[in-house]
Every structure is written in structure tokens, then in C-alpha cells.
Amino acid sequence: MSSGSDQSVPGISPEAAPAGQEGTREIVLITGISGSGKSVALHALEDAGFFCVDNLPPELLPEFLRLESERAVRRVAVAVDVRTAGSLPHLVPLMNEGVKVRSVFLDSSTDTLVRRFSETRRPHPLSKGQDGSDTHRALIEAIELERELLATIRMRSTILDTSQLRPIQLRQWIRDLVGAKSHNLSLVFESFAFKRGVPLDADMVYDVRVLPNPYYLRELRPLNGRDIEVATYLSEQPEVREMTDQIEAFLRRWLPNFADDQRSYLTVAIGCTGGQHRSVFIVETLAQRFANTTTTLIRHRELDALDAG
């Protein structure tokens, strides 16, 4: 994951930039694999007050931003997908030269994408040959081809795994993501259940299934790691304190190096069996410890899904 350059777009003067932006024009770029939820994400940003454009050719982006600067539109989001893949090579240089881009790449597992396309009965954009012929690609082959086409953009973006997310979760997560301050590295702490798969957007994964499990205590089983009873129980376990301290020490040691690598976000995934007790507690604890020094975001994949339901 990397952020774009902090230079301003050529042709946009500091006077034309919105107040508080210090002459730098930032856009949110929404891209990713077809079926991963780009339309949901773009609609969420539109509801949050962004001026949104879908499928704008990347080579037109500088001129578009110049026009928007004259209208004093403060927040702009642009969606790019495989339908404009021929223009994608123009986008990577743009991310390096002259535009501050917050790029968010939505991804999902292949199994999830196959299920979503089957349910909607919509064709994949690459299910036909790019020459317009009637030769259909197998859906899985089309998905893998799209991954290849977007690999470079994916490497330069903040990745958001939507495989297990409901639309309401995705809307909230995308608003949280773009709402965080972009000039410093942000820490994203995410709890998850191993039985439902490791998040694709994780930069680091910690397995806490070796720790004492509140699930086996009848009075704690229906609760979660945010409840005081569970938090008290886990905080009293030496192994839990030791592992939490060691994760914190590792992050504090290496965070400056990740920041020097020009990353915008670092996603630290903490997993236990059900994503309900141990991982939730450790995510909450770590987020609290880093809150005074680093911009932090909290995600509880399994609990958020229950709340969304």
C-alpha cells in the first residue's frame, strides 16, 4: 500500500485549492476487482459529500481536477475499473507525478466473486474478448486476467478485502478509511475468525488462538472482547499480556520504517477461532495504546457483520 505524491496538479494554483488543503489537491481513487463493491463504495462517498465520477479515463484526470478547482469542489472521488484498462498505464505515472492520490483497491476472494456474479447473473467485463468477439472466457479465467491487469495498481493502493463484508459494512469502512488523516501512516487493527479466512488486505497477521479462550467459560461465551467481563478475564491472563506487549513492541520498533516507505495505512490483523473474544480484545487494547501517537482505525470483521445484520 502506498500513497500518492504530495505534489499538486500542474495548472492548479494554491489560490485555487480548497481552504485547508495547503495547495495540494487530493483525490480518492476507487478501483479493484469487478464484483468487489466499487459501486457501493462510490455511492457511500457520494452520500458523504464527495463529488464522484465513475469510469473517468485516467489521462483526463489532470484536466478534470483543473476544472473542479475552479468550482471549489473540495473532495473528489473517481472510480476506475477494468473497462478502462487500456488507460491504466497512464494512471501509475499520475500517482507519482503531480497528483496526491489516495488509492483504495477493493478485492475479494475468487470464490466470493464467482458466487456474486452467479447470483446477479451479470457478465464479467472480461468474459468476452477485448476485440469485441463473441468468444466467452470462463468466469474464473476472466477474474484472474483482471487481477493481472490491475496488479500494478493494487501494489500502489490501500487494499480493502470485501469478501466477508455486507454492503452496510463496506459503506462504513470506506468512509472511515478516507476520513482518516492522510499525511501520516494510519494503523488499522482488524479482528477476524480464522474459520472464515484470513483478510486479503492484511499486511501483518497474528494468530492468538494459543491464548486462553473465554468461549469455554459459560458466563463469557455469549459476550465479546469489548465487554468488561471478557476484558477483565483476558487482561488477567499472563499469556495475553505478554503477547499483546510483544505485538506492540514489534509495531513500535518498525512503524517508522513503514512510514518511511511512504505507506498510508498498515493493516494489522489479529485472528482467533471465532473472531469474538480474544482477537477483539487485543485489537481494542492495541488501538488504545497507539491512539495517542498514531491515527488508528478499528475493524471487527465478524462482530461488524453481526451488528450490520
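The values are calculated or read from the model by the stated rules, or taken from the named source; none is laboratory data. Treat the numbers as computed from the prediction; the structure is a model and nothing was measured. Glycine also receives a Cβ, built like all others from the backbone with ideal geometry; neighbour counts cover every protein chain displayed. Just so you know, the surface numbers come from the protein's heavy atoms only, side chains and all, with ligands and any DNA or RNA stripped out. Shrake-Rupley method; radii C 1.70, N 1.55, O 1.52, S 1.80 Å.
Students sometimes get this wrong: rank L266, L165 by accessible area, probe 1.4 Å, all chains present, largest first.
L165, L266
With θ taken as phi - 60° and the coefficients 6.51, -1.76 and 1.60, list the Karplus ³J(HN,Hα) couplings across region 278-289 in order, rounded to whole Hz; mark glycine and proline as x.
5, 5, 5, 4, 5, 4, 4, 5, 5, 4, 5, 5
When only the heavy atoms of the protein chains count and the probe is 1.4 Å, how do H277, H43 rank by accessible area, highest first?
H43, H277
In sequence order, what are the phi-derived ³J(HN,Hα) couplings for region 170-177 according to the Karplus relation 6.51 cos²θ - 1.76 cosθ + 1.60 with θ = phi - 60°, rounded to whole Hz, with x for glycine and proline?
4, 4, 5, 5, 5, 5, 5, 5
Would you kindly find the accessible area of I168, with a 1.4 Å probe and non-protein molecules such as ligands, DNA and RNA excluded, rounding to the nearest 10 Å²?
80 Å²
Multiply the residue separation of E239 and R221 by 0.36 nm, subtract the distance between their alpha-carbon atoms, and state the gained length in nm to one decimal.
4.5 nm
If DNA, RNA and ligands are ignored and the probe is 1.4 Å, what is the ranking of D107, D260 by accessible area, most exposed first?
Greatest to least solvent exposure: D260, D107.
Using a 1.4 Å probe over the heavy atoms of the protein chains, calculate the carbon and sulfur portion of the accessible area of region 223-287 as a whole percent.
Exposed carbon and sulfur together represent 50 percent of the surface.
Toward the positive end of the charge dipole of region 163-309, about the Cα centre and with charges on Cβ (Lys, Arg +1; Asp, Glu -1), which of T293, Q237, V178 goes farthest?
V178
At 1.4 Å probe size, what's the solvent-accessible area of D47? Round to the nearest 10 Å².
130 Å²
If I ignore ligands, DNA and RNA and count only protein heavy atoms, how much of D111 is accessible to a 1.4 Å probe, in Å² to the nearest 10?
Approximately 120 Å² of D111 is accessible to the 1.4 Å probe.
Under 5 Å between amide hydrogens, which residues at least 5 positions from T295 or on another chain qualify, with H placed 1.01 Å from N in the peptide plane?
L187
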